[in-house]
Amino acid sequence: MAVLFHRYMERPWFPRLLLFLCIVAVGTWMGLENSLLGRALLPAIGSTTGEEAGFIPRLLIAIELGIIIILNVAVIRLLPFRMQILVVWLELLAGFLLFFYSFDLTYQYIWDRLGLLLIGTAVTIYVSAAAIIVSSILALVAALARLSKSGPAFAIATYYISFFRGTPLLVQVFLIYTGLPQVGLVLDAVPAGILALSLCYGAYMAEIFRAGIQGVPSGQSEAAAALGLRKATIFRKIVFPQAMRLVVPPTGNQFIAMLKDSSLVSFMGVMELFNVARIQARTEFKFFEMLITAAVFYWVVSIVFETIQARIEAHYGKGVRA
């Protein structure tokens with residue numbers, strides 16, 4: 001059976017048939033007759049209303065949708081590769097906008113609060129940027145302690161990494177913001193949020209730094225030691241620059257993830273993007289308007305930093321190879 005399936009998968013029509021059947025099955029199950037897309041497809045099956053549509057109308061609408069998607073994919077495949085990417089992105093973006101438009105949203109309400117959301121976005125970026133700097137320092141120290149031959153240093157590093165990787169970030173947020181005051185250490189919301197994110201992501205990034213350092217061939221360190229260089233000099237001038245080539249890409253990914261996890265510091269009262277959106281949504285119960293707008297803001301910021309990350313990786317890679 002597996003051999004037969006693999007043989008059919010090599011034929012160009014078989015994956016398209018599977019995609020078509022999946023679209024028909026999912027479309028029939030979801031019942032698209034009352035959606036914006038379903039209403040646009042209704043006239044083709046001789047109907048003008050999707051109210052209380054039975055199984056057959058649902059099936060016909062799903063078949064229409066499947067045919068359209070299959071034909072669309074076939075046409076796009078005729079374009080150059082970069083053009084295929086651009087067209088698919090534009091189609092997916094148009095689909096997202098249509099989904100957004102299909103809800104009866106109060107767009108003026110969103111527009112009137114864009115300024116507050118922009119301020120919240122700035123706070124989100126500030127908290128995340130500060131936290132990624134602190135967490136990088138913590139990660140480097142923890143990684144070096146993890147690789148050292150000192151028992152106490154190794155024990156402290158592994159304990160720190162195990163605890164903060166093994167407990168939820170939300171629990172850590174409450175421990176820092178509400179637990180530390182019980183022992184006399186009171187932090188404002190923003191410093192507490194930065195500390196929570198830094199400790200959590202520092203533990204994850206410590207393993208990234210450790211893997212990057214260990215990824216540098218040991219022969220280079222041994223050759224440098226044979227020339228009489230000190231360990232600190234070997235690490236600073238030979239090991240660390242090469243390790244950064246391996247560390248930078250996953251560190252950028254961690255920063256983008258931190259942008260989204262920074263929403264958890266809203267429980268501390270930090271007026272970041274999610275907290276601003278939630279507060280504004282409560283005033284007139286416009287939760288969908290505010291939350292989906294906040295999601296778009298997060299998405300746009302992530303795209304910007306993904307682009308910056310790609311440029312840094314390309315530039316840094318060239319610098320290391322040079």
| Which numbered condition ASP104 fails, given (1) within 25 Å of LYS231 (Cβ to Cβ); (2) modelled with pLDDT under 90 | (1)
| Inside segment 73-129, can you point out the residues that are under 21 Å from LEU273 (Cβ atoms) and of a type outside the set (A, V, I, L, M, F, W, C)? | THR106, TYR107, GLN108, TYR109, ASP112, ARG113, GLY115, GLY120, THR121, THR124, TYR126, SER128
| message | It is to be established whether one or more residues within segment 101-109 are in a helix (DSSP H, G or I), exposed (fewer than 13 other Cβ atoms within 10 Å of the Cβ) and in contact with a Leu (Cβ under 8 Å, 6 or more places away or on another chain). | response | yes
| Would a scan of segment 155-173 turn up a residue that is over 28 Å from the mean Cα position of the chain (by Cα) and surrounded by fewer than 21 Cβ atoms within 10 Å (Cβ to Cβ)? | yes
| note | Subset of segment 256-305, residues under 20 Å from GLY193 (Cβ atoms) and in a loop (DSSP other than H, G, I, E, B), comes to GLY269, VAL270, MET271, GLU272
| said: Checking SER266 against (1) in contact (Cβ under 8 Å) with a residue 24 or more places away in the chain; (2) in contact with a helix residue (DSSP H, G or I) (Cβ under 6 Å, 6 or more places away or on another chain); (3) closer than 30 Å to LEU180 by Cα: exactly one of these is not met. Which one? | reply: (1)
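Conditions (1) more than 30 Å from VAL265 (Cα to Cα); (2) free of Cβ contacts under 8 Å to residues at least 60 places away in the same chain, marked per residue:
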residue	(1), (2)
TYR201	no, no
GLU207	no, no
VAL216	yes, yes
GLU222	yes, yes
LYS231	yes, yes
LYS237	yes, yes
GLN242	yes, no
| task | Being touching a helix residue (DSSP H, G or I) at 6+ places or on another chain (Cβ under 8 Å) and either within 16 Å of PRO15 (Cα to Cα) or basic (Lys, Arg) (or both) is the filter here, so list the residues in segment 77-91 that pass it. | result | ARG77
| message | Can you say whether SER198 is assigned to a helix (DSSP H, G or I), modelled with pLDDT under 90 and among the hydroxyl-bearing types (Ser, Thr, Tyr), as far as the supplied structure shows? | response | no
| Would you call PHE305 in contact with a helix residue (DSSP H, G or I) (Cβ under 7 Å, 6 or more places away or on another chain) and either of a type in the set (Phe, Trp, Tyr) or under 30 Å from GLY179 (Cβ atoms) (or both)? | yes
| (1) touching a residue at least 40 places away in the same chain (Cβ under 8 Å); (2) more than 19 Å from the chain's Cα centre (by Cα): which one isn't true of ILE279, the others all being true? | (1)
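The values are calculated or read from the model by the stated rules, or taken from the named source; none is laboratory data. In this text the structure is predicted, and so the values were computed from the model without any measurement. All Cβ positions, glycine included, derive from the backbone under ideal geometry; neighbour counts span all protein chains shown.
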